[in-house]
Amino acid sequence: MSNPAPDLFDAALAVRLQAHAPYSGFRVGAAIRADGGRIHAGCNVENAAYPQGQCAEATAIGLMVASGDRRIAEIVVVGGDAGAGVLCTPCGGCRQRIREFAGPDTPIHVYDAGGHRRTFTLGELLPFSFGPDNLGF
Ligand code: THU
């Protein structure tokens, strides 16, 4: 699948540097391109009470919604250490969060911080998902 435009990768890379990740040391940046073209970027925000930490995707989605956008056209997730070669795929909870505002064909581009990429669709990462349509919305 095609590369995202560089602006989306650059936004994820830049916001990753703002991560509050003193406990894991694992910085993550997520950048959403919403339908209409606006970019919403967020980082992970950890907490001394560990379960209260928030993933980068959740931050980006919250900012998207607060800005008035409701549909994800594509999303880039960048995490880990440069050169580690380990791609940062969204956790299960974040796949469901993305599902709320995306469809099965929505591209999710995952990178390590060294720029190695793989692109999945949401349908690949979360098959047979439960979404608004299951509730008749
Ligand atoms: N993390 C994210 O922000 N997004 C992901 O897709 C995977 C994991 C964060 C949560 C935690 O702050 C750190 O990475 C280590 O799990």
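Taking the 1.4 Å solvent-accessible surface of the chain as the whole, the part contributed by carbon and sulfur is 54%.
With no solvent and one equal point scatterer placed on each C-alpha of the stretch 72-131, evaluate the Debye formula and give log10 I(q)/I(0) for q = 0.15, 0.16 Å⁻¹, two decimals. Result of the Debye calculation: -0.41, -0.46. Charge tally around Val15: other residues with Cβ under 13 Å, Lys/Arg +1 each, Asp/Glu -1 each, net -1. Entry for the stretch 19-88 at q = 0.20, 0.21, 0.27 Å⁻¹: log10 I(q)/I(0) = -0.79, -0.84, -1.10, Debye formula applied to identical alpha-carbon scatterers, no solvent contribution.
Calculated FRET efficiency, Asp81 to Asp105, Cβ-Cβ distance, R0 = 30 Å: about 0.45 to the nearest 0.05. Consider a paramagnetic label point 7 Å from the Cα of Ala66 along Cα→Cβ; state which residues of the stretch 21-43 have an amide N under 16 Å from it. Backbone N within reach: 30-32, 39-43.
So if I take the alpha carbon set of the stretch 6-125, get Rg, then get Rh from the Kirkwood formula, what is the Rg over Rh ratio?
Reported Rg/Rh, Kirkwood definition of Rh: 0.94.
The values are calculated or read from the model by the stated rules, or taken from the named source; none is laboratory data. These figures come from a predicted structure and were not determined experimentally. All Cβ positions, even for glycine, are placed from backbone atoms using ideal geometry, and neighbour counts span all protein chains on display. Protein only, heavy atoms only, side chains kept; ligands, DNA and RNA dropped before computing areas. Shrake-Rupley method; radii C 1.70, N 1.55, O 1.52, S 1.80 Å.
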